[in-house]
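*Asks:* Have a look at the structure that comes next, please.
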Amino acid sequence: MLSMNTHDFSGGPLAGLRVLDLSTMLAGPYGATLLGDLGADVIKVESHYGDESRHLGPKRGSERGPYLSLNRSKRDIVLDLQNSESREIFSRLLRTTDILVTNIREPALSKLGIDYDQVKASKPDIIWIRVTAFGPDGPYAGRPGIDFLAQGYTGVLTLNGEPSGGPVRTGFPAVDVMTSLLVSNSALAALRVRDKTGEGQRIEVSLLDSLMHAQASSIGTYLATGERPVRTGNRSLYFAPSGVYPTKDGKHVVITTPGEKFFAKVCRGLGTDWDTDPRFHDINARLANQDELDRVMSERTSQFTREELVERLIADDVLTAPINEVEDVIQDPQIRHNKMIVSTEHPVLGRIEVTGIPIRFYGTPCAITKHPPMQGEHTRDVLAELGYASEEVDNLIAKGLVADPTEMQRLRDQRRARQGTRRTDG
């Protein structure tokens, strides 16, 4: 690696580093995406089948929404790691790599030649990060698992939802997203160690541990006090009012009051004197009379449209927010100002919008410059960088070891033809 004073960071703080993304679905790929957002050259390595997210969810053209939403800031190569002849190609690629991210379970990991010791043989200072559901060892090791299961094991399903209802999962893959942040965070910490010692290392991150880490305020409080957390719906355990309130136009807002001064502001914003009412004058009284408080709050908020109410309450410094629909979110002026929705040009789909970079660097600014890649889009470029001549790449494609977009299209056409024949025969 070049020293800090000679390195060109114009491409972002991780410019000059290479990441191999061998993971699929969400936690691993999204962690690699963030490293790419920060300037690393992320190469997504896929089989001919491809990342599972290429086969799930709504389509835009030939691409799927979940894949497009998670895999910006990368290049893509198709490489059949199940074929032993591909090992030399992979070994060459490894020798140019700083960080490898995978979520393949054992024994498949070792059979593919990509467990830590096998990878370290090709690149001794590699930073090797594996994502598992429950951890690399222990009673649950080796089990398949996803976000939903982790929510069950860690009690999140017990704590989420209305008090009178049943368990409810989070409405977005919170565990996967949190795990992806730990993937990128651990990579950066390991890079610092490598910069100081010259040594890489093995890193394990799991969905289970990520979600336990996130529950300091619930499980952690139980450990400290013995008081069992309970399901509260949209209410708070510790202050009131705090919840979702209706508006005249059939919409809703969030209003919350973590402290007496905020309740006084709510009263001024809504034009009431509830803070002088014995039922509501302090936090203990409000918690004891939450049903009545929410009833009068809802009656009052229902006298305004959502926009009128939010504007009125913000003017009085109340902690409030509209409950936006998806269409509202993507037009939100602060989200747009923060560049959390940005455009990129896709070679087939044209202009697409993706979520932006959630970290703002002032010394080494970052920008999304790569669209979510098509399967095998950069196979020829990457192999050329590794020293393969064009004729050699043609031969590797012919042998089924690698593929570019043309070959992937040929295989898809061939598969559709076979399926059509089977339907006709049937």
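The values are calculated or read from the model by the stated rules, or taken from the named source; none is laboratory data. Just so it is clear, the structure is predicted and the values come from calculations on it, not from any experiment. Note that each Cβ is placed from the backbone with ideal geometry, even for glycine, and that neighbours are counted across all protein chains shown. Note: accessible area is taken over every heavy atom of the protein model, side chains too, but ligands, DNA and RNA are not part of it. Shrake-Rupley method; radii C 1.70, N 1.55, O 1.52, S 1.80 Å.
*Asks:* Mind listing just one residue for me: the one in the stretch 175-196 that is open to solvent by less than 20 Å² (accessible area, probe 1.4 Å) and of a type in the set (Gly, Ala, Ser) and, of those, farthest from Asp209 (Cα to Cα)?
*Replies:* Among those residues, the one meeting the criterion is Ala190.
*Asks:* Working only within the stretch 223-250, note down all residues that are surrounded by 14 or more Cβ atoms within 10 Å (Cβ to Cβ) and not in a loop (DSSP other than H, G, I, E, B).
*Replies:* Those that are surrounded by 14 or more Cβ atoms within 10 Å (Cβ to Cβ) and not in a loop (DSSP other than H, G, I, E, B): Ser242, Gly243, Val244, Tyr245, Pro246.
*Asks:* List, please: which pairs have Cβ atoms under 9 Å, are six or more places apart or on different chains, and start with a residue in the stretch 402-418 that is closer than 21 Å to Leu386 by Cα and among the β-branched types (Val, Ile, Thr) and end with one that is in a helix (DSSP H, G or I) and open to solvent by less than 70 Å² (accessible area, probe 1.4 Å)?
*Replies:* That search, which allows pairs on different chains as well, returns Val402/Ser86; Val402/Ile89; Val402/Thr379; Val402/Leu383; Val402/Val393; Val402/Leu396; Thr406/Ile397.
*Asks:* Okay, moving on. Would you check which residues across the stretch 251-264 are open to solvent by 60 Å² or more (accessible area, probe 1.4 Å), without any contact (Cβ under 8 Å) to a residue 60 or more places away in the chain and over 11 Å from Val318 (Cβ atoms) and list them?
*Replies:* Glu260
*Asks:* State yes or no: is Ala141 open to solvent by less than 10 Å² (accessible area, probe 1.4 Å), under 17 Å from Ser206 (Cα atoms) and of a type in the set (Gly, Ala, Ser)?
*Replies:* no
*Asks:* Which residue is nearest to the chain's Cα centre (by Cα), if the candidates are limited to the stretch 219-258 and must be farther than 19 Å from Ser302 by Cα and charged (D, E, K, R)?
*Replies:* Looking at residues that are farther than 19 Å from Ser302 by Cα and charged (D, E, K, R), I get Arg231.
*Asks:* Which of (1) hydroxyl-bearing (Ser, Thr, Tyr); (2) in contact with a Lys or Arg (Cβ under 9 Å, 6 or more places away or on another chain); (3) in a loop (DSSP other than H, G, I, E, B) does Tyr140 not meet, given it meets every other one?
*Replies:* Of (1) hydroxyl-bearing (Ser, Thr, Tyr); (2) in contact with a Lys or Arg (Cβ under 9 Å, 6 or more places away or on another chain); (3) in a loop (DSSP other than H, G, I, E, B), only one is false for Tyr140: (2).
*Asks:* Ok, one more. Do we have any residue at all in the stretch 62-76 that's open to solvent by less than 10 Å² (accessible area, probe 1.4 Å), in contact with a strand residue (DSSP E or B) (Cβ under 6 Å, 6 or more places away or on another chain), in contact (Cβ under 8 Å) with a residue 40 or more places away in the chain and not in a loop (DSSP other than H, G, I, E, B)?
*Replies:* yes
*Asks:* Can I ask one more? Filter the stretch 10-54 down to the residues that are within 18 Å of Met374 (Cα to Cα), part of a strand (DSSP E or B), of a type outside the set (Asp, Glu) and open to solvent by 10 Å² or more (accessible area, probe 1.4 Å) and list them by number.
*Replies:* Val45
*Asks:* Let me ask you something else. Within the stretch 405-415, does at least one residue satisfy the condition of being open to solvent by less than 80 Å² (accessible area, probe 1.4 Å), β-branched (Val, Ile, Thr) and under 26 Å from Arg60 (Cβ atoms)?
*Replies:* Checking the stretch 405-415: not a single residue is open to solvent by less than 80 Å² (accessible area, probe 1.4 Å), β-branched (Val, Ile, Thr) and under 26 Å from Arg60 (Cβ atoms).
*Asks:* Residues that are open to solvent by 30 Å² or more (accessible area, probe 1.4 Å), farther than 21 Å from Lys251 by Cα and charged (D, E, K, R), at least 1 per element: which strands (runs of 3 or more DSSP E) completely within the stretch 274-386 meet that?
*Replies:* In the stretch 274-386, the matching strands (runs of 3 or more DSSP E) lie at 341-346, 350-355.
*Asks:* Tell me, which residue of the stretch 99-130 that is of a type in the set (A, V, I, L, M, F, W, C) and open to solvent by 10 Å² or more (accessible area, probe 1.4 Å) is farthest from Gly50 (Cα to Cα)?
*Replies:* First pass over the stretch 99-130, keeping only residues of a type in the set (A, V, I, L, M, F, W, C): 99-101, 104, 108-109, 112, 114, 119, 121, 126-129.
From what is left, the residues that are open to solvent by 10 Å² or more (accessible area, probe 1.4 Å) are 104, 108, 112, 121.
On the way: Ile104: 13, Ala108: 16, Leu112: 15, Ala121: 26 Å.
Top of the filtered list is Ala121.
*Asks:* Could you count how many residues in the stretch 211-222 are out of contact with any Ser or Thr (no Cβ under 6 Å at 6 or more places or on another chain), hydrophobic (A, V, I, L, M, F, W, C) and surrounded by 13 or more Cβ atoms within 10 Å (Cβ to Cβ)?
*Replies:* So the count comes out to 2.
*Asks:* Moving on. Mind checking whether some residue in the stretch 179-202 is modelled with pLDDT under 95, among the hydrophobic types (A, V, I, L, M, F, W, C) and not in a loop (DSSP other than H, G, I, E, B)?
*Replies:* Within the stretch 179-202, none of the residues are modelled with pLDDT under 95, among the hydrophobic types (A, V, I, L, M, F, W, C) and not in a loop (DSSP other than H, G, I, E, B).
*Asks:* Another question about this same structure. Quick check, is Tyr153 among the hydroxyl-bearing types (Ser, Thr, Tyr) and touching a residue at least 60 places away in the same chain (Cβ under 8 Å)?
*Replies:* Criteria not met by Tyr153.
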